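Notes follow once the structure below has been shown.
The values are calculated or read from the model by the stated rules, or taken from the named source; none is laboratory data. Keep in mind the model is a prediction, meaning the values are calculated, not measured. Positions of Cβ are backbone-derived with ideal geometry, glycine not excepted, and every protein chain shown enters the neighbour counts. These accessible areas exclude ligands, DNA and RNA; they are computed on the full protein's heavy atoms, side chains included. Shrake-Rupley method; radii C 1.70, N 1.55, O 1.52, S 1.80 Å.
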Amino acid sequence: MIKFIVGLQWGDEGKGKVVDYLSSLSDIVVRYQGGGNAGHTVVKGTRKFVLHLVPSGILHRGVKCVIGNGVVFDPAQFIKEVKGLKSQGIKMDHNINISGQAHLVMPYHKVIDQLSERQLGKHKIGTTGLGIGPCYSDKYARTGIRVSDLFNKPLFRERLRENLNPKNKLFRTLKIKPLSLDKIYSEYLIYAKFISPFVTDTRRLLVDAVKANKNILIEGAQGTMLDIDFGTYPYVTSSNSSLAGVSSGTGIPLVNKRIETIGILKAYTTRVGEGPFPAENTGALGEVLRTLGGEFGATTGRPRRCGWLDLVVARPAVEL
């Protein structure tokens, strides 16, 4: 059985809680899109876990966690997250699997992300500034660097050089200090050593699991209304955060496969960042919702915009 958990609003619907609950009934938990811009908050007893790249299933022993090819992967953020989980007593036991085909978020992606937001001014998207959009841009421009490239040093250095030269040219034009190829190269080789035990062919792993009738839980990041195709464009994320992206982000063939989709809807509506929000309440009630609901971004800490439950938004999300 394949279960897919998706938010039906603009994210922050409580998907992490549901994924955590269903993980105990699953063999494998998969992230299929987005990157470190996602934040799933899970509370266990007195401990609070905020997960960004690592699937929520990591909190359950014996559950295999997969970071699929559709995720844009920031190794520095991943390492920080793994070390943080270990410090809280979570045992990894090599139960995390990272797709070698996932694209790498690089330092220049973050610089470009933050520059773009400043340039857009009042029309800014409200991104996390973590380089997610520019990384996806390079992926679709076919210039991106993938996780597997880290393990071929000459190839990695050459692709890094090819990417960094035009970016540094842009930075110089904008009077921003260019980035050092040697520094990035050295840093990412250190990251490669740390993540190498986790990197595998996740498509094969998942296809074999489907054939073996394993229980697979797929968790989406963000929400349906942030989907790059079906969301409130252009105020959206840079990937398909609805069911539309599951197959391309994992390699699981969904044709003629039974997939149970569970949509999560909050009793009121929130969104982080810019964009249309017809049901927003900017008065005292909106502030009450924010305070009682603890409505602050798990990744950025930004206060979420709050408002009434919007079923006009929910209907197309359910249909998708």
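Does Arg118 satisfy being on the phi < 0 side of the Ramachandran plot and either in contact (Cβ under 8 Å) with a residue 12 or more places away in the chain or surrounded by fewer than 18 Cβ atoms within 10 Å (Cβ to Cβ) (or both)? It is true that Arg118 is on the phi < 0 side of the Ramachandran plot and either in contact (Cβ under 8 Å) with a residue 12 or more places away in the chain or surrounded by fewer than 18 Cβ atoms within 10 Å (Cβ to Cβ) (or both). May I ask you to verify whether Ile264 is within 25 Å of Val29 (Cβ to Cβ) and out of contact with any Phe, Trp or Tyr (no Cβ under 9 Å at 6 or more places or on another chain)? Considered against the rule, which asks whether it is within 25 Å of Val29 (Cβ to Cβ) and out of contact with any Phe, Trp or Tyr (no Cβ under 9 Å at 6 or more places or on another chain), Ile264 comes out as yes. Note on segment 208-219: residues that are more than 29 Å from Gln9 (Cβ to Cβ), touching a residue at least 40 places away in the same chain (Cβ under 8 Å) and either acidic (Asp, Glu) or open to solvent by less than 20 Å² (accessible area, probe 1.4 Å) (or both) amount to 1. Screening segment 1-71 for strands (runs of 3 or more DSSP E) wholly inside it with 3 or more residues that are buried (at least 21 other Cβ atoms within 10 Å of the Cβ) returns the ranges 2-7, 28-31, 64-67. Is it the case, given these coordinates, that Asp113 is surrounded by 19 or more Cβ atoms within 10 Å (Cβ to Cβ) and of a type in the set (Asp, Glu)? Here the answer is yes, as Asp113 does meet what is asked. In a residue-by-residue description of segment 80-87, the property of being surrounded by fewer than 17 Cβ atoms within 10 Å (Cβ to Cβ), closer than 30 Å to Asn168 by Cα and modelled with pLDDT under 90 applies to no position. For segment 174-203, what are the residues that are under 14 Å from Ile98 (Cβ atoms), loosely packed, with under 14 Cβ neighbours inside 10 Å and in contact (Cβ under 8 Å) with a residue 24 or more places away in the chain? If the condition is that a residue be under 14 Å from Ile98 (Cβ atoms), loosely packed, with under 14 Cβ neighbours inside 10 Å and in contact (Cβ under 8 Å) with a residue 24 or more places away in the chain, then Ser196, Pro197 are the ones that fit.
A quick yes/no check of all residues on (1) of a type in the set (Ser, Thr, Tyr); (2) in contact (Cβ under 8 Å) with a residue 60 or more places away in the chain; (3) open to solvent by 10 Å² or more (accessible area, probe 1.4 Å); (4) in a helix (DSSP H, G or I):
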{"residue": "Thr127", "(1), (2), (3), (4)": "yes, yes, yes, no"}
{"residue": "Leu130", "(1), (2), (3), (4)": "no, yes, yes, no"}
{"residue": "Cys135", "(1), (2), (3), (4)": "no, yes, no, yes"}
{"residue": "Gly144", "(1), (2), (3), (4)": "no, no, yes, no"}
{"residue": "Leu155", "(1), (2), (3), (4)": "no, no, yes, yes"}
{"residue": "Pro166", "(1), (2), (3), (4)": "no, no, yes, yes"}
{"residue": "Lys169", "(1), (2), (3), (4)": "no, no, yes, yes"}
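Got at least one residue in segment 95-107 being surrounded by fewer than 23 Cβ atoms within 10 Å (Cβ to Cβ), assigned to a helix (DSSP H, G or I) and touching a residue at least 24 places away in the same chain (Cβ under 8 Å)? Scanning segment 95-107 turns up at least one residue that is surrounded by fewer than 23 Cβ atoms within 10 Å (Cβ to Cβ), assigned to a helix (DSSP H, G or I) and touching a residue at least 24 places away in the same chain (Cβ under 8 Å).
Return the total of residues in segment 237-253 being of a type outside the set (Gly, Ala, Ser) and free of Cβ contacts under 8 Å to residues at least 60 places away in the same chain.
Summing the residues that are of a type outside the set (Gly, Ala, Ser) and free of Cβ contacts under 8 Å to residues at least 60 places away in the same chain in segment 237-253 gives 1.
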